[in-house]
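The structure appears below as structure tokens.
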Amino acid sequence: MEASENAIEPAAPLAAVPAATADSAAGQAAGQTVNAREQQSQPQQESSQDPQQKSAQAPAQNTQPRQGLPSRLPLTAQRCPRAMPRDTYNHQSLGASLNSSVKQARVLMVGAGGIGCELLKNLALTGFSEIHVVDLDTIDLSNLNRQFLFRQEHIKKSKALVYIARSSVTMERDEKLTGGQVAKEVAEKFNPHVKIVAHHANIRDDPFAVSWFRQFNIVFNALDNLEARRHVNKMCLAANVPLIESGTTGFNGQVQVIKKGVTACYDCTAKETPKTFPVCTIRSTPSQPIHCIVWGKSYLMNEIFGVSEDQSAFDHSADAENAHEIEELKKESEALERIRDAVGTENFPQMLFDKVFNSDIERLRSVEDMWKLRRKPEPLHYGAILAQATDAIASRDDILSDDQRVWTLEENLVVFRDSLDRLSKRILDIKKKKDPSGPEPTISFDKDDIDALDFVASCANIRSTIFGIDRKSRFEIKQMAGNIIPAIATTNAIVAGLCILEAFKVLKGEYEQAKEVFLQPFSSTRLLGSDTSRKPNPECPVCSVFNVTIKVDLSRATLNDVVEDIIKKQLGFEEKEFVLNNEVGIVYDADETDNLPRKLSDLGIKAGSFLTVIDEDDEEPLVNIVMNIEESAVGIQDKPVEVGFEEKPEIPRKPKKATIATNGEPNGVQQNGNHPGADVQSATLKRAHPGDEQSRALKRAHLDDNVQGGTLKRAHTGDDAQLTRKLRITGAEDDHVLLVQDDDGGAIVIPDD
């Protein structure tokens, strides 16, 4: 029918139409409205036509299709001649200059979890046009109650990539969706013009070097673990990029602006030392689920797929009670090394099971004195459990998908076998691709690595069964193994909002206005507490250093090139004694010159590596110099290393220690300052008074300041390092290296074993 051919199809809502189309549609609507009003205002003219002829012609005038217009105009288009620009309210709120800075800024967000979800939404709505997101985590069912960008269909997918699939232009979206990257659609609803670049990776990976960080105007930290936060802090300081650090712990939260040389960095305040467990408890007499979890995570996981035993998780101080256990631990490590060679074979799961859940348990039972007041552990038999696990094997996928339920012993065996198979394939694949000259590949525990988590969870539960301890669900084990405190959605939202407010100050360069803000819901005074940003700690091992970037041709450069051409000539260390360290240990000092002719690449030094120069002058040492390695084929006068200084830089000296007299005692409290007893304006001296520290703590409520000893501990940080000298005693069968630590009362000689 003719009427149906001329019918106007309903158009999409104006908000979904691109900006240019919306503006033109509004203009056409306004133009037709004006024309109609002009026609109505003209005097009516007499017509000789018959009234029936008029009525016949009238419908013909109204059937012309209104091309490009929706069937019903939105209210905004009816009222104004042109639609408002999207950033109208941002422009009014922030001002033209700041709004322009926001739209032009390129920002990096590290972490796509609870804070990250809220922060991405805020960044998109505020008008940031280019946002890079880095996260290694995948979406879990437990995330959905507070991480609102994710839905049921996103479970098991990358958090960073789900952001992408829900927030970018159509061309990028189509390319990403084929790889399971579902994410640019949510943020597109907030801002259709935002460009989000996602990286499903670890922020500590090689591609994310200092040079990569330099491209950003601001970096936002939305992380939940200490090591990653420290790494991002270090990289931002080296790149001289402002960092907005944030964190939440239950109902508490904090936001801090970090700018090199202006405000305190993340490591300016000592952090709480991770809890350790006596090795005899972990290895022989566990009594709590956490003991079995630490055993699986820090001992067994590393013995099979990582570096032998995580020393940081165990207390290896030998005494009369645990010396025997430590010796047994070494023997068991040797036995596990032999089992490690069987990785990937058909018998590997049973070999490992029989060793750790049968033979080792039988050995423990033989120590009668150990079980006089304790329940004896019960060894398990692989074949007997496997014979009863027929139903569990058939429902393996259902078991693995349910992390809220506590698995039975048979189900734990199924997960144990399956996770070993997955991890074995991964480690063998890595070994095939590894550089023959590189280090042995490993797989370390990460709470977001589902293969590693399944292995640790099943091992912990099987061991708990042996010792009569309650088993836990995989969800609970993940929380305990990752030291996770349950997150509160409202806390995340408040902290993410505070991050944006501080970002405005950073973009304007108003660092003096930046605050350290603390969310304290149970405070008797106010919900949000703030304090002026602290100044950098002059003894901080991270931000008090002198940063240098050197360009190196790694195919030619040797350690001697760096020592002679950079450190001695360019940095002025010709007459100084110094030590050169990398992330692993010492690569050069006056007594260790064997590495000088070796290529940097042979020493494990690559693009993105850091080398630290430590001045060993006892009187007035210079601050540590941290050299960031960037790969380049260009050198100075055809030399393979280049630093680019026109003249020797002015490297500051380490602050002198001020000794405060304490009733004539020879060893007073040592603080920062130029003279003993001087009135030094520093946080260290000020916090030496318990009363001041208490009142300041009430105001600050730092989440990371749970440090025993407080000021006194921080006051000595770095002091020992600058007063420590290495001596080598020769003449014996092996040279012995001693650390001589100077002290006011003499020297303490410590064997460097």
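Scanning the range 542-589 for residues that are under 28 Å from the mean Cα position of the chain (by Cα) and more than 18 Å from S609 (Cβ to Cβ), which turns out surrounded by the fewest Cβ atoms within 10 Å (Cβ to Cβ)?
The extreme case among them is S544.
Pairs under 7 Å by beta carbon, first residue farther than 17 Å from K599 by Cα and surrounded by 15 or more Cβ atoms within 10 Å (Cβ to Cβ) in the range 633-644, partner modelled with pLDDT of 75 or more and not hydroxyl-bearing (S, T, Y), six or more apart or different chains?
V643/V548; V643/I550; V643/I566; V643/Q570
Would you check if R365 is closer than 20 Å to S473 by Cα and loosely packed, with under 15 Cβ neighbours inside 10 Å?
no
I'd like the full set of residues that are free of Cβ contacts under 8 Å to residues at least 40 places away in the same chain, in contact with a Phe, Trp or Tyr (Cβ under 6 Å, 6 or more places away or on another chain) and in a loop (DSSP other than H, G, I, E, B), limited to the range 330-383.
A342
Condition first: at pLDDT below 95, under 19 Å from F128 (Cβ atoms) and either of a type in the set (A, V, I, L, M) or assigned to a strand (DSSP E or B) (or both). Now tell me which residues in the range 191-220 satisfy that.
Once the filter is applied, which keeps residues that are at pLDDT below 95, under 19 Å from F128 (Cβ atoms) and either of a type in the set (A, V, I, L, M) or assigned to a strand (DSSP E or B) (or both), the range 191-220 yields V194, K195, I196, V197, A198, H199.
Would a scan of the range 329-348 turn up a residue that is of a type in the set (F, W, Y), closer than 18 Å to A460 by Cβ and assigned by TED's automatic domain parsing to the domain that holds C292?
no
Of the residues that sit in the range 590-607 and are in contact (Cβ under 8 Å) with a residue 40 or more places away in the chain and touching a Ser or Thr at 6+ places or on another chain (Cβ under 8 Å), which one is surrounded by the most Cβ atoms within 10 Å (Cβ to Cβ)?
L600
Keeping to the range 519-541, report how many residues are crowded, with 19+ Cβ neighbours inside 10 Å and in contact with an Asp or Glu (Cβ under 8 Å, 6 or more places away or on another chain).
Selection size over the range 519-541: 3.
Residue check: is T525 within 23 Å of G253 (Cβ to Cβ) and under 21 Å from the mean Cα position of the chain (by Cα)?
Against the criterion (within 23 Å of G253 (Cβ to Cβ) and under 21 Å from the mean Cα position of the chain (by Cα)), T525 does not qualify.
Among the candidates D319, D224, single out the residue that is buried (at least 18 other Cβ atoms within 10 Å of the Cβ), in a loop (DSSP other than H, G, I, E, B) and at pLDDT below 85.
That would be D224, the only listed residue that is buried (at least 18 other Cβ atoms within 10 Å of the Cβ), in a loop (DSSP other than H, G, I, E, B) and at pLDDT below 85.
Among residues belonging to the range 460-505 that are modelled with pLDDT under 90 and assigned to a loop (DSSP other than H, G, I, E, B), point out the one that is surrounded by the fewest Cβ atoms within 10 Å (Cβ to Cβ).
This residue is P486.
Please determine whether any residue of the range 65-86 is modelled with pLDDT under 90 and either under 22 Å from I244 (Cβ atoms) or among the acidic types (D, E) (or both).
Scanning the range 65-86 turns up no residue that is modelled with pLDDT under 90 and either under 22 Å from I244 (Cβ atoms) or among the acidic types (D, E) (or both).
What residue, among those in the range 384-441 that are among the acidic types (D, E) and assigned to a loop (DSSP other than H, G, I, E, B), is surrounded by the most Cβ atoms within 10 Å (Cβ to Cβ)?
Ranking the candidates gives D403 first.
Since S168 meets every condition but one in (1) modelled with pLDDT of 70 or more; (2) crowded, with 24+ Cβ neighbours inside 10 Å; (3) outside any helix (DSSP H, G or I); (4) not charged (D, E, K, R), which condition does it not meet?
All conditions are met except number (1).
Does the range 585-599 hold any residues that are within 15 Å of D561 (Cα to Cα) and in a loop (DSSP other than H, G, I, E, B), and which are they?
T593, D594, N595, L596, P597, R598
The values are calculated or read from the model by the stated rules, or taken from the named source; none is laboratory data. Note that the structure is a prediction, hence the values are computed from the model and not measured. A quick note on method: Cβ atoms are made from the backbone with ideal geometry, for glycine too, and the neighbour counts reach across all protein chains shown.
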